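**Q** Handing you a structure now.
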Amino acid sequence: MQAAPGPVTGAVAAHRALTADPSLKTDWGGHGKFGAWIAQIGQGVQYSSTPSPGWVWDAKRFSPEPSSLASDARPAIEEQVTRVTDVPALSAEQFRQVFLSLAAKLRDHSGNRSELARSVRDDCVAAGQPVSRSAVNFVIQGVVYAGGSLAEEISAADLAAAWTRNVEELCRLALMEFDDAEKLALRRWAGGGLLDSGPGGSRA
């Protein structure tokens, strides 16, 4: 915060703190909440939960008015999420293709995750939606973390639902708060449109 060019959102500050000290994830070092943990730091670092999404700043250098913080336009939901978490910066169309390819390739590579990731990557490239192998691996891991099955018969929509649960959990851990419209945008983006219309429906 002492090097930041201005106030930063609470989500970004929290992500940096958790990266530096993962043990804070449990209960913020015994302080329960992010705001309480910030308050005990001192050294002029201050936090305000309003206006949304909450802000942290170096009070020795800045004394921001709430109105000036609120006037900063919030970036698109995918930019917010990929900037604060490790979620791959893919488009909704790319996520959709990953789920479609993953559902199709599970029948051939259900027991070999490395081969599965490579095959899904190749299939996405062939479909005109190139995705890196590391991004495919991250999605597969997220599906598993969220309790999704890598069984041969799982549908693309079920894969999308599990992955979206994982993204929502990553956002929660990073203290990212969204209004109802942003939550819907998050689900449409992370789910590749499959959660709204089903595998055979139109893209969201």
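**Q** If you average over every viewing direction, what projected area does the convex hull of the Cα atoms of the chain give, in nm²?
**A** Across all orientations, the chain yields a mean hull projection of 12.6 nm².
**Q** Pairs of alpha-carbon atoms within less than 8 angstrom and 6+ residues apart define the contacts here; what relative contact order does the range 73-144 have, in percent?
**A** 28
**Q** Let me ask you something else. Give a residue-ordered list of calculated ³J(HN,Hα) values for the range 54-62 (Karplus: 6.51 cos²θ - 1.76 cosθ + 1.60, θ = phi - 60°; whole Hz; x for Gly, Pro).
**A** Result, ordered by residue: x, 9, 10, 8, 8, 5, 6, 10, 10 Hz.
**Q** Can you compute the modelled spin-label distance between A151 and I41, with each label point 7 Å from Cα toward Cβ, in nm?
**A** Calculated label separation equals 4.6 nm.
**Q** Please get the size of the charge dipole for the chain, origin at its Cα centre, with Cβ charges of +1 on Lys and Arg and -1 on Asp and Glu, quoted in debye to the nearest 20.
**A** Its charge dipole is roughly 280 debye.
**Q** Among 98-104, 183-189, 36-42, how do they line up by average Cβ neighbours within 10 Å per residue, starting with the highest?
**A** 98-104, 183-189, 36-42
**Q** Round to the nearest 0.05 the FRET efficiency obtained for V8 and V144 when R0 = 30 Å and r is the Cβ-Cβ distance.
**A** Given R0 = 30 Å and the Cβ-Cβ separation, E is 0.40.
**Q** Dipole of the range 92-197, Cα-centred, from +1 at each Lys and Arg C-beta and -1 at each Asp and Glu C-beta, to the nearest 20 debye?
**A** With Lys and Arg at +1 and Asp and Glu at -1, about 280 debye.
**Q** For the chain, what relative contact order do you get, as a whole percent, if you take Cα pairs closer than 8 Å and at least 6 residues apart?
**A** 20
**Q** Under a GNM of the chain (C-alpha, springs under 10 Å), which listed residue has the highest mean-square fluctuation: G192, G128, G54?
**A** In this elastic network of the chain, the residue with the biggest mean-square fluctuation among G192, G128, G54 is G128.
**Q** Which log10 I(q)/I(0) values does the range 92-197 give at q = 0.10, 0.18 Å⁻¹ under the Debye formula, counting every alpha carbon as one identical point scatterer?
**A** These q points yield log10 I(q)/I(0) values of -0.26, -0.80.
**Q** Between S63 and R113, what length comes free when the chain is fully extended (0.36 nm per residue of separation minus the Cα-Cα distance, one decimal in nm)?
**A** 12.9 nm
**Q** Once the piece of chain linking D179 and A127 is laid out straight, how much longer is it, given 0.36 nm per residue of separation minus the C-alpha distance between them?
**A** 15.3 nm
**Q** Output the DSSP H helices from the chain with an along-axis C-alpha extent of no less than 24 Å and a mean Kyte-Doolittle hydropathy no less than 0.0.
**A** Helices meeting the criterion: 156-173.
**Q** Still on this structure, please answer the following. Sorting check: for 11-22, 156-167, 132-143, which peptide has the highest mean count of neighbouring beta carbons within 10 Å, and how do the rest follow?
**A** Ranked by mean Cβ neighbours within 10 Å, highest first: 156-167, 132-143, 11-22.
Just so you know, all these numbers are worked out from the coordinates, no wet-lab data involved. Keep in mind that what you see is a predicted model, and the values were worked out from it rather than measured. So basically every Cβ, Gly included, is an ideal-geometry build from the backbone, and we count neighbours across all protein chains shown.
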